[in-house]
Every structure is written in structure tokens, then in C-alpha cells.
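Note sheet for the following structure.
The values are calculated or read from the model by the stated rules, or taken from the named source; none is laboratory data. Quick caveat, the model's predicted, so the values are computed rather than measured. A quick note on method: Cβ atoms are made from the backbone with ideal geometry, for glycine too, and the neighbour counts reach across all protein chains shown. Ligands, DNA and RNA are excluded from the accessible area calculation, which covers all protein heavy atoms including side chains. Shrake-Rupley method; radii C 1.70, N 1.55, O 1.52, S 1.80 Å.
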Amino acid sequence: MKNVVFIPNVDLGNGRSTPYHYSVKSWKNWCDKNDVICLEWTEPIMDSDTFPIIMQREWVFDIIEHNEIDYDQIAIVDADTIVHPDCPNFFEETNHNYSAVVNKKHKPFFDEIKDLYLNRGEEIKHYRDTIKASTGQTMVNFMLKKNNIEVTKLPEGYNLQDLFRKNLLHIPNHSWFSDELHFLNAGWVYHFNAIPQNDRHVSYWMERTYNELYK
């Protein structure tokens, strides 16, 4: 059995996934280095207009088993991330508990999340649009609490996100600090989310980060 990095990367035709190939290439590099399977998921299993991709990814066990992969632990990573080539093998730090990583004992938990989305999906989307809450992680966190699932929290450096608010992205005419990738010294996995619209948006940072680390 091997560990698996699972990357949802479904092209919905809106241009959002254009830079995500940098993420996939970085994770494939890391997986090869750590003897881990890298599985890029590119085809939705349901209509994405009525059932968003962030919900469909909870079918991760079904997708992996459909691909006949004999797995141990699974890390679900977003396609707007870049992993440092020297990132430690975080699979060794989970104690086989739920973290950013899941394993076979969590399959019943994911079945319950799937049932929740199937039975109350429209209601969840309504509240998502009303209170602007995340459809994915918010629901998972609620269900973890509800089911008393033991969690091992990995260091923030394995998902260093909200880089703009942390003043780790240099934006011309906005930032007072030098135009360098300071966040490379702050973590191992860089998550390019919650960046306000500007000339240096997600595509810029993903391409620049990949090139600096891998070229």
C-alpha cells in the first residue's frame, strides 16, 4: 500500500484552472521523491452546476478505489497550492488520525458527509450564498466535531494560506517590503487563496513560485 496525494483539478471552462498545472507538477515532483502516488482528478462525477466540485471531492475514496489504487493514507490538496521540493513527508506525522490526511478508517465518516450533501445539498448552497461560508471545510469541520473524530493538527507550514493578509505577497504600490518570495521561508506548502484582484493574482504567484523552486 502507498500513500496518495489527491488533487481535484476539474476545468469548468471559466479560466480559473489555467495556472493549476504548476500545482500538479510540483506535487508530482514531491510524490516521486517520497514514494507517494499523485492522482489528479479531472472529470466531475456529477453535474458541477448543481453539485459543486468542492462537494464532489468528498467522493475521494470512491474515485481512488475506482482507479484500483491500494492506498494507506490520502492527502486531499487544493490545486491552487505549490509544494516545496524539500517539504518533509507529512504522512509520517499524522498518527493515522484525521488531519489534512485521511485513511481507510475514515471511509464511513466520508460516507456520512456524502449523504449530507446528497440529502441537504440545496440547503447548504443556500446558506453558503447567504452567509458566504465555505461549502467544503466548514461542513467537514462541523461533521468532525459532531462525530467526535480524533484529529491530529499538522503545523500551519503544511498549508500556508491567506498570504496576502499575512503581508507575504509583494504588490506594487501597496507593499512596503522588498519584491521577494518571503513566504518560502515561512512554510512548505503555499496556498494562493484569498488574494484580492490585482495584476499579481493567482496565476502570477503560482508561475513565479514554481519557477523559483523548480527551475
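Observations
- Checking each residue in segment 128-159 for being assigned to a loop (DSSP other than H, G, I, E, B) and of a type in the set (Ser, Thr, Tyr) picks out 134, 135, 152.
- Candidates 43, 93, filtered to the one that is among the acidic types (Asp, Glu), open to solvent by 30 Å² or more (accessible area, probe 1.4 Å) and closer than 21 Å to residue 188 by Cβ: 93
- Of the listed requirements (1) more than 20 Å from the chain's Cα centre (by Cα); (2) open to solvent by less than 70 Å² (accessible area, probe 1.4 Å); (3) not small (Gly, Ala, Ser), residue 70 misses just one: (2).
- Residue list for segment 27-58, filter: farther than 24 Å from residue 98 by Cα and touching a Leu at 6+ places or on another chain (Cβ under 8 Å): 48
- Within segment 113-145, being closer than 20 Å to residue 49 by Cβ and of a type in the set (Asp, Glu) holds for 122, 123, 129.
- In segment 160-187, the qualifying residues are those that are part of a loop (DSSP other than H, G, I, E, B) and in contact with a Phe, Trp or Tyr (Cβ under 6 Å, 6 or more places away or on another chain), and the one that is nearest to residue 81 (Cα to Cα) is 163.
- Count of residues meeting criterion [at pLDDT 95 or above and either surrounded by fewer than 15 Cβ atoms within 10 Å (Cβ to Cβ) or among the charged types (D, E, K, R) (or both)] in segment 55-64: 1
- Odd one out for residue 152 among (1) farther than 29 Å from residue 208 by Cβ; (2) in contact (Cβ under 8 Å) with a residue 60 or more places away in the chain: (2)
- Of all residues making up segment 124-165, the number that are within 17 Å of the chain's Cα centre (by Cα), among the acidic types (Asp, Glu) and open to solvent by 50 Å² or more (accessible area, probe 1.4 Å): 1
- Consider segment 171-215 and keep the residues that are out of contact with any Leu (no Cβ under 7 Å at 6 or more places or on another chain), among the aliphatic types (A, V, I, L, M) and touching a residue at least 40 places away in the same chain (Cβ under 8 Å). The one that is least open to solvent (accessible area, probe 1.4 Å) is 206.
- Any hit, segment 11-31, residues being more than 16 Å from the chain's Cα centre (by Cα), open to solvent by less than 40 Å² (accessible area, probe 1.4 Å) and in contact (Cβ under 8 Å) with a residue 12 or more places away in the chain: no
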